[in-house]
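Just below is one structure, and these are the notes that go with it.
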Amino acid sequence: MSLAQGRPYLAIPGPSTIPDRVLAAMHRPAPNIYAGDLVDMVATIWPDLRRLALSSGHVALYIANGHGAWEAANANLFSRGDKALVLATGRFGLGWAEHARAMGVAVEMIDFGKSAAADPARLEAALRADRDHQIKAVLVTHVDTSSSVRNDIPAMRAAIDAAGHPALLAVDCIASLGCDEFRMDDWGVDVMVAASQKGVMVPPGLGFVFFNDRALHESRASDLATPYWRWESRALGTEFYQHFAGTAPTHHLFGLRTSLTMILEEEGLAHVWARHATLARAVWSAFDAWGQGGDIALNIADAARRGNSVTAARIGGGGATRLRAWCEQEAGVTLGIGLGMAAPSDADYGDFLRVAHMGHVNAHMTLGVLAVMEAGMQALGVDHGRGALAAATAVVAGA
């Protein structure tokens, strides 16, 4: 008997659960896009986006998803034939490289696989080998949504500096902004890309690119940026329409205003980071217990290198795919697919899944997902260790 009736829960790593208040803010008539409430409200968004990224630089907003934010960064960072060094730690690092390559950028890749963080020593060695300074920028994900690897961004900056290399540091925070601690200025990041549909708690459709003065200066020589993608007019334009290269994404902006208030004013950014860290540890503790009695394991062995917004895991023998189907059909919980972990033709393609705990989530939502997963393991006869729910609730109780 299915028990999936009632409100479904989407525990995939984006789009995340949208707060009712954000949806309510968007549920309004179309506003005047030339003057009045919308223009006044949007003026308050720019400083709060900087507060969210802990950046004193510039921010450009695009009507786009995260892939569009990649393209915007590429277009402004590079000219055709310029070289990028990409540190890949999962499918999304590879994806950013593919976008750059398709735009005419020469890409040098260091692929760290699907279960390990980027090694700053290898970055430093690669930059020292680039004696002619052909590498214009280093591209790296903060948290790769596919693998759940969290890279040490301050260590990447230190490696660039130790090599004495002028490369810009560009970071993908699509899966981490508003979830994991990120300090753009303090960590020496030149460019950062993010999107609205994860920790920012707004429906897909807004892409953000943050950049400092050095990146702005370098971008003025780029020949890839067309009028729509050029970030300078979006960030520094004197007319309202320039910020959006035309009509503003009106209703998304009302939702964004509400989400920023919830994050920055009501909860506080430090508490947002701590909440995500606690819920992540609860999920990890459950998987650790399940793994004591079955072919179940977290993708990232080192807890210090796991992102706090999403957990990638393996349940062998096709157990992950069977569990995902059971949870959705029988209990109304949708888990994430194991994106990029295996090809559809591989024997272990069905062994991977992801559990998201990003954005508008709390203890009962995360504990509920874990309880449903354990019920599914029991129903499907998936071998697993005992005590997972007790371990997860102990983490929450200790918070």
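The values are calculated or read from the model by the stated rules, or taken from the named source; none is laboratory data. The model shown is predicted, which means the values in this text are computed figures rather than measured ones. So basically every Cβ, Gly included, is an ideal-geometry build from the backbone, and we count neighbours across all protein chains shown. Only protein heavy atoms, including side chains, enter the accessible area calculation; ligands, DNA and RNA are left aside. Shrake-Rupley method; radii C 1.70, N 1.55, O 1.52, S 1.80 Å.
Worth pointing out:
- Members of the range 135-173 found to be open to solvent by 10 Å² or more (accessible area, probe 1.4 Å) and either assigned to a strand (DSSP E or B) or closer than 15 Å to ASN74 by Cα (or both), listed by number: LYS136, ARG150
- Any hit, the range 33-49, residues being within 17 Å of the chain's Cα centre (by Cα) and either open to solvent by less than 70 Å² (accessible area, probe 1.4 Å) or of a type in the set (Ser, Thr, Tyr) (or both): yes
- Number of positions in the range 332-353 that are in a loop (DSSP other than H, G, I, E, B), open to solvent by less than 60 Å² (accessible area, probe 1.4 Å) and farther than 17 Å from LYS114 by Cα: 1
- Pair list, Cβ < 6 Å and 6+ apart or interchain, from the range 186-200 residues that are closer than 19 Å to PRO13 by Cβ and part of a strand (DSSP E or B) to residues that are open to solvent by 20 Å² or more (accessible area, probe 1.4 Å) and of a type in the set (S, T, N, Q): ALA195/ASN65
- Residues of the range 127-154 satisfying the condition of being in contact (Cβ under 8 Å) with a residue 12 or more places away in the chain, more than 30 Å from ILE337 (Cβ to Cβ) and not charged (D, E, K, R): LEU127, HIS133, GLN134, ILE135, ALA137, PRO154
- Condition met for GLU108 (of a type in the set (Asp, Glu) and surrounded by fewer than 19 Cβ atoms within 10 Å (Cβ to Cβ)): yes
- You will find that of MET365, MET373, the residue that is in contact with a Phe, Trp or Tyr (Cβ under 8 Å, 6 or more places away or on another chain) and either at pLDDT 95 or above or not in a strand (DSSP E or B) (or both) is MET365 and no other.
- Subset of the range 25-71 (residues that are over 28 Å from VAL138 (Cβ atoms) and part of a loop (DSSP other than H, G, I, E, B)): HIS27, ARG28, PRO29, ALA30, PRO31, ASN32, ILE33, TYR34, ALA35, GLY36
- Selection status of LEU127, outside any helix (DSSP H, G or I) and surrounded by 14 or more Cβ atoms within 10 Å (Cβ to Cβ): no
- Filter pass, ASP119 being open to solvent by 10 Å² or more (accessible area, probe 1.4 Å) and under 22 Å from the mean Cα position of the chain (by Cα): yes
- Pairs with Cβ under 6 Å, 6+ apart, first in the range 259-288 and touching a residue at least 12 places away in the same chain (Cβ under 8 Å), second in a helix (DSSP H, G or I) and open to solvent by 50 Å² or more (accessible area, probe 1.4 Å): LEU264/ARG51
- Tally of residues being assigned to a strand (DSSP E or B) and either open to solvent by 50 Å² or more (accessible area, probe 1.4 Å) or out of contact with any Ser or Thr (no Cβ under 9 Å at 6 or more places or on another chain) (or both) across the range 296-331: 3
- Residue match in the range 81-92 (condition: touching a residue at least 24 places away in the same chain (Cβ under 8 Å), of a type outside the set (Gly, Ala, Ser) and surrounded by fewer than 16 Cβ atoms within 10 Å (Cβ to Cβ)): no
- Some residue of the range 279-290 being open to solvent by 50 Å² or more (accessible area, probe 1.4 Å) and more than 25 Å from the chain's Cα centre (by Cα): no
- Hey, GLY164 closer than 30 Å to HIS251 by Cβ and among the small types (Gly, Ala, Ser) or not: no
- The set of residues from the range 376-399 being modelled with pLDDT of 95 or more, open to solvent by 10 Å² or more (accessible area, probe 1.4 Å) and part of a helix (DSSP H, G or I) comprises GLN378, ALA379, LEU380, LEU389, ALA390, ALA391, THR393, ALA394, VAL395, VAL396, ALA397.
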